[in-house]
Amino acid sequence: MKILLIGSGGREHALAWAISGSPLCDQLFIAPGNPGTAQCGENVVLDIADHAAVIAFCKLHGIDLVVVGPEGPLVAGITDDVIAAGFKAFGPSKAAAQLEGSKAFTKELCAEFDIPTAGFGRFDNAEAAKAYVASQGAPIVIKADGLAAGKGVVMAETLEEANAAIEMMFSGGLGAAGAEVVIEEWMIGEEASFFALCDGRHALPLASAQDHKRVGDGDTGPNTGGMGAYSPAPVMTPDMERRVMTEIVEPTLAGMAKRGTPFKGVLFAGLMITAQGPKLIEYNVRFGDPECEVLMPRLKSDIVPAFLAACDGVLDAFDLRWSDEAALTVVLAAKGYPGTPEKGSVIRGVDKAEALEHVLVFHAGTKQGASELTANGGRVLNVVGLGRTVSEAQKRAYQGVDLIDWPEGFCRRDIGWQAVKREQG
Ligand code: AMP
Ligand code: GLY
């Protein structure tokens, strides 16, 4: 088969690595890709926002399957257009991608189909939003409705912070994403990410992971796209996984199908495991980044037939095998991230980290020059360690990190702390 993968982050390097290992994959193209994906297939220069150009590429190369990594193209309807042109595409339709594209859409779906989530109100003007906050009290969570690159959530500890966030969003601080605001109850518990593969009617549980959203050690500082992750998440016991499937994922699939917008692709549930049970924080309609970098190394089965089964609606007859090993990834970011990262600094020693046993390196914002690898984004590299326990995986990941010579980069030194604490009893 000829496969086209869309995207250029660490998630896409992990996906390219898994796809290129499939005996079904004869040729893999990645658009636009990164220096890591170039080791798994052929990077192609394609404007992925130009769907006609993507379709023309599929025709020219006889592409059998398009796999879409990031949310941007999904929310823009790339799968609708590619499928309408007669190609197979893995990922949700534009209508189904609203599960990530609009927080208000998801909250209404939860209300309609009894899916446990935080209590909420939605507002299109600051006055009503402030009145609601005043009636609910703090702490409280203020969210921009639309996609805001991970910056659209303000955890307000006081009424003043809540009102300031409302002002910021309605005065255009987050662009169009803040034209509508969702205000939520602040839930208490442990967070986990859970992934399920969906074919419109059936959901196949994948695995769980735990992300580290804050930029600094001890979960301090601003939110980022994710500074590291591990899988599995110990809080997702088999019993909890069953509850998440029956109380959250399956009602969502049934609800989306009932509305005439069936969900196909990867459903990524951001969960809060509260004293009352699992509650949905939010949905994403794709693999997480960096979560994908710890899921793919644990997957023992071929991912390509799983993508095809999801496209074809036959996941009920499907099964995937997972390694019992833990995987942990540490993100190396350029200084300045999540603000404005410095670009162009030279990175050395990636080959030394890659040479370690039980260690993998996935590229994100890197650039390959004639002889040097340089930083070209905020999150730049992922160093993944594998081990029998999270503690062992963590030790190996940091051994890899310490072989990389990049003074202009930084990472958190405590990725996996919750699981390690648990393991140490
Ligand atoms: P989101 O972009 O919706 O995933 O929110 C980003 C982060 O904010 C989540 O990973 C949680 O840590 C936190 N968060 C969002 N909504 C809530 C909520 N209602 N209660 C507690 N924490 C929340
Ligand atoms: N790591 C969180 C995300 O991919 O949205």
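The values are calculated or read from the model by the stated rules, or taken from the named source; none is laboratory data. Only a predicted model underlies this, so the values are computations on that prediction, with no experimental measurement involved. Backbone-built Cβ (ideal geometry, glycine too); neighbour counts: all protein chains shown. Heavy atoms of the whole protein, side chains included, go into the accessibility calculation; ligands, DNA and RNA do not. Shrake-Rupley method; radii C 1.70, N 1.55, O 1.52, S 1.80 Å.
Values as computed for the structure displayed
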| item | result |
| --- | --- |
| Most positive-pole-ward Cα, Ala131, Thr158, Phe113, against dipole of segment 111-182 from beta carbon charges | Thr158 |
| Along principal axes, Cα extents of the chain, largest first, whole Å | 59, 48, 43 |
| Gyration tensor over alpha-carbon atoms, segment 2-88, equivalent ellipsoid semi-axes in Å | 19, 14, 11 |
| Largest to smallest principal axis extent of the C-alpha atoms in segment 7-147, angstrom | 59, 30, 27 |
| Calculated on alpha-carbon atoms, Rg and Dmax of segment 252-354 in Å | 18.5, 53 |
| Estimated D of segment 40-93 in µm² per second, where Rh is the Kirkwood radius over Cα pairs and Stokes-Einstein applies at 37 °C, 0.692 mPa s | 292 µm²/s |
| Summed side-chain charge close to Leu46 - residues other than Leu46 whose Cβ falls under 14 Å, Lys, Arg +1, Asp, Glu -1 | -4 |
| Hull-based mean projected area of segment 95-241, where the convex hull spans the alpha carbons, in square nanometres | 9.9 nm² |
| Given 15 as the ceiling on other Cβ atoms within 10 Å, longest exposed-site-free region of the chain for GluC sites (Glu not before Pro) in DSSP loops | 158-341 |
| FRET efficiency estimate (nearest 0.05) - Cβ-Cβ, Asp114 to Asp239, R0 25 angstrom | 0.80 |
| Antiparallel DSSP beta bridges within the chain, as percent of all bridges there, nearest 5 | 80 percent |
| Bins of 5 Å from zero: percent of alpha-carbon pairs in segment 311-362 | 4, 11, 14, 15, 12, 12, 9, 10, 9, 3 |
| Peptide ranges 74-85, 252-263 listed from the most packed, as the mean C-beta count within 10 angstrom indicates | 74-85, 252-263 |
| Viscosity 0.692 mPa s, temperature 37 °C, Stokes-Einstein D of segment 211-284 from Kirkwood C-alpha radius, µm²/s | 232 µm²/s |
| Mean accessible surface per residue for segment 221-371, computed with a 1.4 Å probe while every protein chain stays in place, in Å² | 39 Å² |
| Accessible area in square angstrom per residue, segment 159-209, 1.4 angstrom probe | 38 Å² |
| From phi via Karplus (6.51, -1.76, 1.60), per-residue ³J(HN,Hα) for segment 277-287 in Hz, x at Gly/Pro | x, x, 10, 7, 8, 6, 10, 10, 10, 6, 5 |
| Cross-link reach list, lysines versus Lys213, counting only Cα pairs under 18 Å and skipping chain neighbours closer than eight places | Lys143, Lys151, Lys335 |
| C-alpha center-to-center spacing [segment 292-368, segment 89-143] in angstrom | 30 Å |
| Rg over Rh [alpha-carbon atoms, Kirkwood Rh] for segment 90-138 | 1.09 |
| In Hz, Karplus ³J(HN,Hα) per residue of segment 318-324 (6.51, -1.76, 1.60; θ = phi - 60°; x = Gly, Pro) | 10, 8, 10, 9, 10, 6, 6 |
| Stokes-Einstein D for segment 163-252, Kirkwood Rh over Cα pairs, 37 °C, 0.692 mPa s (µm²/s) | 205 µm²/s |
| Percent accessible area from carbon and sulfur atoms, the chain, protein chains only, probe 1.4 Å | 52 percent |
| Spatial extent of segment 285-425: Rg and Dmax, with the Cα atoms as the point set, Å | 16.9, 50 |
| Full-stretch length increase - Ser171, Leu60 - with 0.36 nm per residue and alpha-carbon distance subtracted | 35.3 nm |
| Test item: Cα-centred dipole of segment 223-282, Lys/Arg +1 and Asp/Glu -1 on Cβ, debye | 220 debye |
| Per-residue ³J(HN,Hα) for segment 211-224, Karplus 6.51 cos²θ - 1.76 cosθ + 1.60, θ = phi - 60°, Hz, x for Gly and Pro | 9, 10, 7, 6, 6, x, 4, x, 6, 10, x, x, 5, 10 |
